[in-house]
1. On the given criteria, is residue 61 surrounded by fewer than 18 Cβ atoms within 10 Å (Cβ to Cβ) and more than 19 Å from residue 13 (Cβ to Cβ)?
2. Just the residues that are part of a helix (DSSP H, G or I) and loosely packed, with under 13 Cβ neighbours inside 10 Å, please, taken from the stretch 66-77.
3. Look at residue 33 and say whether it is part of a loop (DSSP other than H, G, I, E, B) and surrounded by 13 or more Cβ atoms within 10 Å (Cβ to Cβ).
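Rule-based calculations on the coordinates, nothing more; no lab input. Everything numeric in this text was worked out from a predicted model, so none of it was measured. Because the Cβ atoms are built from the backbone with ideal geometry, glycine has one as well, and the counts that use them run over all protein chains shown.
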């Protein structure tokens, strides 16, 4: 299941989609996932998207808008809010101070 999340960070990976892919009910999948990783599927997905965004900011010339969309965020504004809430720094500041 983690491979599905890793491969499809830009896809809509709701709890229902992930549970369906695993063949378990949503509640059972959520319990199993949290037990195995220590994160809810949503927390893990956000963490992996932020990690991918950080890597792209370090290793590519793509704009922040392109990075946001490539990492599965619905907009640049959404990406900025989540990035700042997660790392306590704006993506533009992070990129300038690599």
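1. yes
2. 77
3. Working: part of a loop (DSSP other than H, G, I, E, B): no; surrounded by 13 or more Cβ atoms within 10 Å (Cβ to Cβ): yes.
Taking the combined requirement at face value, the residue does not satisfy it.
Residue by residue, here is whether (1) within 15 Å of the chain's Cα centre (by Cα); (2) without any contact (Cβ under 8 Å) to a residue 40 or more places away in the chain holds:
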{"site": "52", "(1), (2)": "yes, no"}
{"site": "61", "(1), (2)": "no, yes"}
{"site": "67", "(1), (2)": "yes, yes"}
{"site": "79", "(1), (2)": "yes, yes"}
{"site": "87", "(1), (2)": "yes, yes"}
{"site": "91", "(1), (2)": "yes, yes"}
